[in-house]
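K.L.:
I have a structure here, written as structure tokens, and I will follow up with some questions on it.
The values are calculated or read from the model by the stated rules, or taken from the named source; none is laboratory data. All values derive from a computational prediction rather than experimental measurement. Virtual Cβ from ideal backbone geometry, glycine too; neighbours counted across all protein chains shown. Side chains included, ligands, DNA and RNA excluded: accessible areas come from the protein's heavy atoms. Shrake-Rupley method; radii C 1.70, N 1.55, O 1.52, S 1.80 Å.
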Amino acid sequence: MIRALSITRSIHDWLYSSMSENMAYFIEMVLIAIVYLAIFAVAGLFLVLIERRVAAWFQLRIGPNRVGFQGLLQTMADALKLLSKELTGTEKADKFLYNLAPYFVIITALMALAVIPFTQDFQAFDINIGILFLIAISSIGVIGILLGGWSSNNKFALIGAMRSGVQTISYELSIGLSLLTMILITGSLQLSEIVEVQKSGWLIVQGHIPAIIAFMIYMIAGTAETNRAPFDMAEAESELGAGFHTEYSGMKFAYFFLAEFINMFIIAAIATTVFFGAWLSPFGITESIPILGVFWFLAKAMVLVFLMMWFRWTFPRLRVDQLLTLEWKYLLPLNLMNIVIMALIVWLNLTIQF
Amino acid sequence: MSYFSDIYKGIKTLLTGMSVTGKYFLTSRKGAITQQYPDNRATLKMFDRFRGEVIMPHDEENRHRCTGCQKCEIACPNGTIEIIWDRGIDEETGKKKKKIDKFVYHLSMCTMCGLCIDVCPTDAIEWGQNFENSVYDRTALTRVLNKPGSKLMPGVED
Ligand code: SF4
Ligand code: SF4
């Protein structure tokens, strides 16, 4: 199940030759977990930096540019500062759940990364229900938000958490259905196979009109999933202080913060995998060098992340009723219609293939 | 059918908004309004409407326009301005006349409301652009705005 790059193969062989199979398997999993954790903790920090620079440019500002070259170390310094800060909490908080909540959020965010195919063999966990696993994992994160909001015994946090619950439960549907539309073409939930199908054209080209509609719905619902503006009612700085994480400080706050950015990356990564051919290069120009797949994957994901930042710094926040109207009256019926159209297209063989 | 036209209108307006912010994003590096202050101290130019402190401009012959009417002193809500005045002999007419000795301005009490500048009938005082006013002793913030030996500009009172 665990595939690895060829450079890691020697470690793999050495582990299996020097100890019993179960032990080696276990150690290998721990190693991979540590590598992923290290990579994505740093990547998350850089996403925060990118967001801040991009936000500044949208608002005709400059953004952080003092710490390190062009501010590259700014978020590292912020993380160090947060690490050294006191962990405060409210007197009447439900201590156990209060402390548990941030870990729920960050662990689910990191778990989802395991199935994402960064390049040919760079995928920690290639299960046959990949997409389903991603959808399921990304909806567990909301439990952390609900727990955090409820247990911190603060009315703003509670309101934020409840809004987040409403929002995530509604938009989960759209995410699932829009991905399902694409599954109709691939016929498989396994991510490596979805990539395989796209060797004859990215799915957004193969599925043309319904695929583009599905992509638009996916991006809207995905932005809502990550609780980012214009769907950031769970945090809503101007209304609720900081929403569900009002009472968190120091590193626990940083977990929530980091999880938001990793989730954003995951949403972009899923879109890249399902719509834009994951690590496949455009027109197969670098097909002979599989390691460049990482570059293509990250490039596509970053473009989508940028799109989400663009949304955030353009649109004003929705009200709760507008949010639900958008989902239940517009996105959901359109989505169902779209699935039927897509089914017809696949049935009549109208997909565009190269 | 308004359902579908709503969707069309919604998407269109969203794209309009995104094109506006997108343009700002692309031009931002040239037009950034951020002033990286201590670095560009030499070239920094404040905006015309910036209210830094109240100043009294003097011309080359060390003359100002203040007649000592004390309207600004009365208008100031904080008692920031104190006019210490005197009676002197007017050179032209030979009559006794009111003139200022010291225009005392306590910057530490000023709220930059601008009432004194609005009320001055001869436009003797105006806004200065300096904002680097931090000092270690607050008495340093009490200023005399008319320069020593300065006189009233002729023709101001006509
Ligand atoms: S700006 Fe306002 S507070 Fe300051 S001196 Fe003039 S009237 Fe007084
Ligand atoms: S500054 Fe203007 S208002 Fe104040 S005393 Fe002088 S002339 Fe009168």
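K.L.:
Note the direction-averaged projected area, equal to a quarter of the hull surface, for the Cα convex hull of the protein assembly as shown, in nm².
P.N.:
That works out to 36.1 nm², a quarter of the Cα hull's surface.
K.L.:
Could you state the accessible area per residue of region A:1-127 in Å², with a 1.4 Å probe and every protein chain left in place?
P.N.:
Normalised by residue count, the accessible surface of region A:1-127 is 57 Å².
K.L.:
Give me the Kirkwood hydrodynamic radius of region B:53-152 in Å, from all C-alpha pairs, to one decimal place?
P.N.:
When all Cα pairs of region B:53-152 are included, the Kirkwood radius is 14.3 Å.
K.L.:
Oh, and also: In whole angstrom, note down how far apart the Cα centers of region A:333-347 and region B:1-44 are.
P.N.:
A separation of 35 Å, based on Cα centres.
K.L.:
Return the unpartnered cysteines for chain B, using a Cβ-Cβ cut-off of under 4.7 Å.
P.N.:
B:Cys66, B:Cys69, B:Cys76, B:Cys110, B:Cys113, B:Cys120
K.L.:
Other chains near A:310-320: what is the mean number of their Cβ atoms within 10 Å of each residue's Cβ?
P.N.:
3
K.L.:
Return the FRET efficiency for the residue pair B:Asp158, B:Ser108: r is the Cβ-Cβ distance, R0 is 41 Å, and the value is rounded to the nearest 0.05.
P.N.:
0.65
K.L.:
From the helices alone, meaning DSSP H stretches of at least four residues, give me the mean residue ellipticity at 222 nm for chain B, per-run term -39500 (n - 2.57), in deg cm²/dmol to the nearest 500.
P.N.:
-8000 deg cm²/dmol
K.L.:
Per 10 Å bin, what is the whole-percent P(r) computed from every C-alpha pair distance within region A:90-353?
P.N.:
7, 30, 33, 20, 8, 1, 0
K.L.:
Now a separate question. For the peptides A:166-176, B:43-53, what is the packing order when you average, over each peptide's residues, the other Cβ atoms within 10 Å and list the highest mean first?
P.N.:
Sorting A:166-176, B:43-53 by mean packing, highest first, produces A:166-176, B:43-53.
K.L.:
Starting at 0 and stepping by 5 Å, how many percent of the alpha carbon pairs of region A:262-354 end up in each bin?
P.N.:
Per 5 Å bin, starting at zero, the Cα-Cα P(r) for region A:262-354 comes out as 3, 11, 13, 14, 18, 17, 13, 7, 3, 1, 0 percent.
K.L.:
Okay, next question. Going by average Cβ density within 10 Å per residue, which order do the peptides A:98-104, B:60-66 take, highest to lowest?
P.N.:
A:98-104, B:60-66
K.L.:
Relative contact order for region B:53-152: what percent, with Cα pairs under 8 Å and sequence separation of 6 or more?
P.N.:
40 percent
K.L.:
Hey, another quick one. When only C-alpha pairs under 8 Å and at least 6 residues apart count, what is the relative contact order of region A:90-353, in percent?
P.N.:
Answer for region A:90-353 is 27 percent.
K.L.:
Further question on the same structure: Which lysines, if any, have their Cα less than 27 Å from the Cα of A:Lys199, not counting same-chain residues under 8 positions apart?
P.N.:
Hits, sequence-local ones excluded: A:Lys300.
K.L.:
Another question, then. Only Cα pairs within less than 10 Å get springs; with that Gaussian network setup on chain B, which residue of B:Asn133, B:Asn40, B:Asn146 has the largest fluctuation?
P.N.:
Per the Cα network of chain B with a 10 Å cutoff, B:Asn40 tops the list.
K.L.:
Take peptide A:58-67, look around each residue's Cβ out to 10 angstrom, count Cβ atoms belonging to other protein chains, and average those counts.
P.N.:
4
K.L.:
Among A:Leu189, A:Leu80, A:Leu147, whose mean-square fluctuation peaks in a Gaussian network model of chain A (Cα, cutoff 10 Å)?
P.N.:
Of A:Leu189, A:Leu80, A:Leu147, the most mobile in the Gaussian network model is A:Leu80.
K.L.:
Just to be sure I understand: with springs between alpha-carbon atoms less than 10 Å apart, which residue in A:Ser188, A:Ser139, A:Ser20 has the highest mean-square fluctuation in the Gaussian network model of chain A?
P.N.:
For chain A, modelled as a Gaussian network with Cα springs under 10 Å, the answer is A:Ser20.
K.L.:
Got a number for carbon plus sulfur as a percent of region A:90-353's accessible area, 1.4 Å probe?
P.N.:
On region A:90-353, the fraction of accessible area on carbon and sulfur atoms equals 73 percent.
K.L.:
Could you state how much accessible area is buried at the A-B interface, both sides summed, with a 1.4 Å probe, in Å² to the nearest 100?
P.N.:
Chains A and B together bury approximately 1800 Å².
K.L.:
Let me have the relative contact order for region A:48-151, percent, based on Cα pairs under 8 Å that are six or more residues apart.
P.N.:
Relative CO of region A:48-151 lands at 25 percent.
K.L.:
Using alpha carbons only, how many angstrom separate the centre of region B:66-80 from the centre of region A:96-171?
P.N.:
Region B:66-80 and region A:96-171 have Cα centres spaced 64 Å from each other.
K.L.:
Given that compact globular proteins tend to follow 2.2 N^0.38 Å, what is the ratio of the alpha-carbon Rg of region A:198-295 to that value?
P.N.:
1.42
K.L.:
Any idea how far the Cα center of region A:199-228 sits from the one of region A:232-251, in Å?
P.N.:
Here the two parts' Cα centres lie 30 Å apart.
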